[in-house]
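Here, each number is a calculation from the coordinates, and none is a lab measurement. It should be emphasised that the depicted structure is a prediction, and the values quoted were computed from it without experimental measurement. Here the Cβ positions follow ideal geometry from the backbone for every residue, glycine too, while neighbour counts run over all protein chains shown.
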Amino acid sequence: MRMSEAPVIELPPEVAAEMHSAAEAVDRHLAAYVGGLDAPSALREAVEYALLGGGKRVRPVLAWFSCKAMGAPGERALAAAGAVELIHAFSLVHDDLPAMDDDDLRRGRPTLHIRFGEAMAVLAGDFMLALAFDLLHRPPPVGPPHQLGARLARELSRATGEMISGQVRDTIPETDPALTGLERVVTIHRGKTGALIRAACRMGAMCGLPADAPENEPRLEAITTYAQSVGLMFQIVDDLIDVEHASEHTGKRTRKDAPAGKLTYPGLVGVEASREEIERLRSAGVQALRRVGEPARALESVAGYLASRTR
């Protein structure tokens, strides 16, 4: 182990097993939904390639466990988890395009524009963006109850806008010259990665709360604080993975941020300080969950696992 590496935090077996079953449940839900769409077969095939071709399913799992933290079955958050994953998949497809990060590898396979062509990649990404909100407005059991669906759509719309704004600041820095240094990288990370993780947790929690729960419900506020910490932490870990690991290990191109001139935590404060910030954020997220209690214990374990992941 290199001096800068932290030991991987293993998940409790029961949490690991439920993460796997939750990811499979979300994949089945999405596969059935996409398979039933009235769309050109080539478009459906491209969406399935991008959406169902593996991945950690971090955001759906966080939605699932956030729902359970409110005392409800994780299955109640399936539509919310699926909608978040559609937005995530759309963002990855567009990020990989030649005009953006120009990547040719994603999850160990050719990126969508390499496999299906650039035009289809643009259109499939657009389609997944639209499908996320359609899924939230489908009647049960595909979608959530109507009033809840509207709340979830507002939450996801806000996060999607923040994610795109973060990507603009990262890709076209001259559009926002007022931000510099660490302030800039925190703003970018909270937008392009943290916003969707926050939405996943909040949407999952909303699915688990009673319909008449107030917006300032203390448990929802605690989940929000947890999500904000874990969202920033997740992207700092990504920054370290880009520095420390090869493409063969991660399944995507690495060691590309510095040559591209992108701001990262390790580039600004160094590897060791980045690891200290990861631990501070993990601890802050876990501390927030104390207000939720025992039902949120799985989210604590997930935070530790995400803090120490290497891909």
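For the chain, modelled as a Gaussian network with Cα springs under 10 Å, which listed residue fluctuates most, ALA130, ALA227, ALA79?
ALA130
Using all alpha carbons of the chain, what is the percent of pairwise distances in each 20 Å bin, ordered from the shortest bin to the longest?
The percentages, shortest bin first, are 34, 61, 6.
Using all alpha carbons of segment 20-83, what is the percent of pairwise distances in each 5 Å bin, ordered from the shortest bin to the longest?
Per 5 Å bin, starting at zero, the Cα-Cα P(r) for segment 20-83 comes out as 3, 19, 27, 21, 14, 9, 4, 2, 0 percent.
Could you please tell me the mean projected area of the C-alpha convex hull for segment 180-231, averaged over all directions and given in square nanometres to one decimal?
Answer in nm², one decimal: 3.7.
Subtracting the Cα-Cα distance from 0.36 nm times the residue separation, let me have the gained length for ASP212 to SER283 in nm, one decimal.
Extending this stretch completely gives an extra 22.4 nm.
Stokes-Einstein diffusion coefficient for segment 115-257 at 4 °C in a medium of 1.567 mPa s, Rh from the Kirkwood formula over Cα pairs: what value in µm²/s?
Answer from the Stokes-Einstein relation: 75 µm²/s.
Find the relative contact order for the chain and round it to a whole percent, using C-alpha pairs within less than 8 Å whose residues are 6+ positions apart.
Relative contact order for the chain comes out at 23 percent.
Under 5 Å between amide hydrogens, which residues at least 5 positions from LEU105 or on another chain qualify, with H placed 1.01 Å from N in the peptide plane?
Those lying under 5 Å, H to H, from LEU105 are THR111, ARG253.
Each residue of segment 147-155 in turn: what ³J(HN,Hα) in whole Hz from Karplus with 6.51, -1.76, 1.60 and θ = phi - 60°, glycine and Pro shown as x?
Karplus values, whole Hz, x for Gly and Pro: 5, 5, x, 5, 5, 5, 5, 4, 4.
How large is the dipole of the chain about the Cα centre if only Lys and Arg carry +1 and Asp and Glu carry -1, each at its Cβ, rounded to the nearest 20 debye?
Approximately 440 debye in magnitude.
I need the calculated FRET efficiency for the pair GLU118 and ARG158, taking r as the beta carbon distance and R₀ as 51 Å, to the nearest 0.05.
Efficiency for this residue pair is about 0.95.
Just check segment 1-107 against the gyration tensor rule for me: Cα atoms, a ≥ b ≥ c as the square roots of the eigenvalues, rounded for a/c under 1.5, and otherwise prolate or oblate depending on whether a/b exceeds b/c.
Oblate.
Pop out the ³J(HN,Hα) list for segment 186-198 in order, Karplus 6.51 cos²θ - 1.76 cosθ + 1.60 with θ = phi - 60°, rounded to Hz; leave Gly and Pro as x.
Each residue's phi maps through the Karplus curve to give 5, 4, 5, 5, 5, x, 6, 10, x, 4, 6, 5, 4 Hz.
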